[in-house]
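All remarks here apply to the structure that follows.
The values are calculated or read from the model by the stated rules, or taken from the named source; none is laboratory data. Because the structure is a prediction, the values reported are computed rather than measured. Positions of Cβ are generated from backbone atoms using ideal geometry, with glycine treated the same way; all protein chains shown enter the neighbour counts.
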Amino acid sequence: AKMEGRGTWRFFEPSMDASLQRRRAIELDLREAMAKDEFSLYYQPLYDLHLDRICGFEALLRWHHPKRGMVPPDQFIPIAEEIGLIGPLGEWVLHRACEQAVTWPGEMKLAVNVSAAQFRDSGFIDIIADALAASQLSPRRLELEITESVFLANSAETLATLHKLKAQGLRIALDDFGTGYSSLSYLRSFPFDKLKIDKSFVRDATATHGSKSIVRAVISLGRSLGMTTIAEGIETVEQLNHMRAEGCNEAQGFLFSHPVPVTEIAAKILELRNG
Ligand code: C2E
Ligand code: CA
Ligand code: CA
Ligand code: CA
């Protein structure tokens, strides 16, 4: 360890694990990335299997690091959560995504990922209301994707937040469904509109019997609870046909399109207008 001026300690020990060093470096850069305008949103089409056409986009955060190149969200979002940066970052995502989506054709939905820490923040309801008001996006076009990790905290508060959000007119989807640790009982009491079947089940649904059964059960569970279902991670025609045959409402995946920058939205809408 080396003493820098003003009592600041910096640790550059050779013994320090390379991945820990990388983490520390990312952490430092992350704190400045927003001011340096290094973030952007990519959008991946959501496809309606019944209408057989594109019905919206999911916003996916991208960090263009000046030296590291594109840093994947799985590598920086958990750090942003830990160092308390997910609040401002998530707020930026919401504002930017709503602003961009308001120019799309009116029937296109916008799905935005919300991390548990962001969701639990007492100001979250107002942040949503502000983003909608500032952009003039209709709340009916906004869908928030949350994961089962929100249930780790106080469930009475979670329930109250969900109700307040829904009172604003937007929809809530449960992301990565089936990969969490919670019991199924919360599905009864929490007002989700949509279940997003995790790509790990989608990948195996055409191969292993277990995954096939899980997909079938989730779709039927969703239907009986009045929730729609979307299958993520569709990469092959076989997977697509399988999800369609099982009665899944929507699909998303590389087969339709990779996430694209906002400049390619219009072209994607034309391309996927009818499949
Ligand atoms: P997610 O919400 O489950 O998003 C789906 C991920 O699967 C995306 O990765 C997407 O690019 C990828 N994907 C889409 N289609 C396919 C496919 O056919 N095959 C495969 N193998 N992958 C596919 P991405 O963009 O790297 O995002 C990773 C995760 O980072 C997201 O998972 C989400 O949890 C988180 N994330 C991304 N943007 C945001 C954000 O704005 N806020 C928050 N809180 N989390 C975000
Ligand atoms: Ca998602
Ligand atoms: Ca997911
Ligand atoms: Ca995920």
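Pull up segment 185-199, narrow it to residues that are touching a residue at least 24 places away in the same chain (Cβ under 8 Å) and surrounded by fewer than 20 Cβ atoms within 10 Å (Cβ to Cβ), then point me to the one that is nearest to ligand 3 (Cβ to nearest atom).
The qualifying residue nearest to ligand 3 (Cβ to nearest atom) is 199.
Name the residue, out of 173, 205, that is within 16 Å of ligand 4 (Cβ to nearest atom) and among the small types (Gly, Ala, Ser).
Values: 205 fails: within 16 Å of ligand 4 (Cβ to nearest atom).
One residue alone meets the criteria, 173.
Please go through (1) surrounded by fewer than 17 Cβ atoms within 10 Å (Cβ to Cβ); (2) modelled with pLDDT of 95 or more; (3) of a type in the set (A, V, I, L, M, F, W, C) for residue 111 and return the number of the only condition it doesn't satisfy.
Going through (1) surrounded by fewer than 17 Cβ atoms within 10 Å (Cβ to Cβ); (2) modelled with pLDDT of 95 or more; (3) of a type in the set (A, V, I, L, M, F, W, C) one by one, residue 111 breaks only (1).
Give 260, 237 a once-over and let me know the one that is more than 16 Å from ligand 4 (Cβ to nearest atom), at pLDDT 95 or above and under 16 Å from residue 52 (Cα atoms). Reasoning before the result, please.
Details: 260 fails: under 16 Å from residue 52 (Cα atoms).
Step by step, each of 260, 237 is checked, and only 237 is more than 16 Å from ligand 4 (Cβ to nearest atom), at pLDDT 95 or above and under 16 Å from residue 52 (Cα atoms).
Quick one: residue 153 ticks every box in (1) more than 16 Å from ligand 4 (Cβ to nearest atom); (2) buried (at least 20 other Cβ atoms within 10 Å of the Cβ); (3) among the hydrophobic types (A, V, I, L, M, F, W, C); (4) at pLDDT below 95 bar one, so which box is it?
So the condition that residue 153 fails would be (2).
Considering only residues that are under 21 Å from residue 114 (Cα atoms) and either within 16 Å of ligand 2 (Cβ to nearest atom) or among the charged types (D, E, K, R) (or both), look in segment 17-31 and name the one that is surrounded by the most Cβ atoms within 10 Å (Cβ to Cβ).
27
Can you name every one of the helices (runs of 4 or more DSSP H) wholly within segment 15-115 that holds 1 or more residues which are of a type in the set (Lys, Arg)?
Numbers: elements: 18-33, 73-82, 86-101.
Hits in segment 15-115: 18-33, 86-101.
I'd like to check something: does segment 235-245 contain any residue that is within 16 Å of ligand 2 (Cβ to nearest atom), surrounded by 14 or more Cβ atoms within 10 Å (Cβ to Cβ) and of a type outside the set (Gly, Ala, Ser)?
Within segment 235-245, none of the residues are within 16 Å of ligand 2 (Cβ to nearest atom), surrounded by 14 or more Cβ atoms within 10 Å (Cβ to Cβ) and of a type outside the set (Gly, Ala, Ser).
What are the residues in segment 255-275 that are of a type in the set (D, E, K, R) and surrounded by fewer than 17 Cβ atoms within 10 Å (Cβ to Cβ), if any?
Within segment 255-275, the subset of a type in the set (D, E, K, R) is 264, 268, 271, 273.
Selection gives 264, 271, 273.
Does residue 212 satisfy the criteria of being away from ligand 3 (no atom under 16 Å from the Cβ) and at pLDDT below 95?
Numbers: away from ligand 3 (no atom under 16 Å from the Cβ): yes; at pLDDT below 95: yes.
So residue 212 fits the description; yes.
Return yes when residue 118 is within 16 Å of ligand 4 (Cβ to nearest atom), closer than 22 Å to residue 176 by Cα, in a helix (DSSP H, G or I) and in contact with a helix residue (DSSP H, G or I) (Cβ under 6 Å, 6 or more places away or on another chain) and no when it is not. Before you say what the answer is, go through the steps one by one.
Numbers: within 16 Å of ligand 4 (Cβ to nearest atom): yes; closer than 22 Å to residue 176 by Cα: yes; in a helix (DSSP H, G or I): yes; in contact with a helix residue (DSSP H, G or I) (Cβ under 6 Å, 6 or more places away or on another chain): yes.
Against the criterion (within 16 Å of ligand 4 (Cβ to nearest atom), closer than 22 Å to residue 176 by Cα, in a helix (DSSP H, G or I) and in contact with a helix residue (DSSP H, G or I) (Cβ under 6 Å, 6 or more places away or on another chain)), residue 118 qualifies.
Take segment 24-61 and flag every residue that is over 19 Å from residue 253 (Cβ atoms) and either of a type in the set (Gly, Ala, Ser) or within 16 Å of ligand 4 (Cβ to nearest atom) (or both).
To start, the set of residues in segment 24-61 that are over 19 Å from residue 253 (Cβ atoms) comprises 24-40.
Selection gives 25, 33, 35, 40.
Need at least 2 residues that are of a type in the set (S, T, N, Q) per element, so show me which helices (runs of 4 or more DSSP H) inside segment 198-275 make the cut, counting only ones lying wholly within it.
209-224, 237-245
Scan segment 223-237 for residues that are within 29 Å of residue 141 (Cβ to Cβ) and either of a type in the set (Val, Ile, Thr) or away from ligand 3 (no atom under 15 Å from the Cβ) (or both) and jot them down.
Applying the first criterion (within 29 Å of residue 141 (Cβ to Cβ)) to segment 223-237 yields 223-235.
Those that are within 29 Å of residue 141 (Cβ to Cβ) and either of a type in the set (Val, Ile, Thr) or away from ligand 3 (no atom under 15 Å from the Cβ) (or both): 223, 224, 225, 226, 227, 228, 229, 230, 234.
Does residue 157 satisfy the condition of being acidic (Asp, Glu), closer than 30 Å to residue 133 by Cβ, more than 16 Å from ligand 3 (Cβ to nearest atom) and free of Cβ contacts under 8 Å to residues at least 40 places away in the same chain?
Values: acidic (Asp, Glu): yes; closer than 30 Å to residue 133 by Cβ: yes; more than 16 Å from ligand 3 (Cβ to nearest atom): yes; free of Cβ contacts under 8 Å to residues at least 40 places away in the same chain: yes.
So residue 157 passes the test.
Within segment 142-158, is even one residue acidic (Asp, Glu) and assigned to a loop (DSSP other than H, G, I, E, B)? Write out each step before concluding.
At the first step, the residues of segment 142-158 found to be acidic (Asp, Glu) are 143, 145, 148, 157.
Subset that is assigned to a loop (DSSP other than H, G, I, E, B): none.
No: segment 142-158 contains no residue that is acidic (Asp, Glu) and assigned to a loop (DSSP other than H, G, I, E, B).
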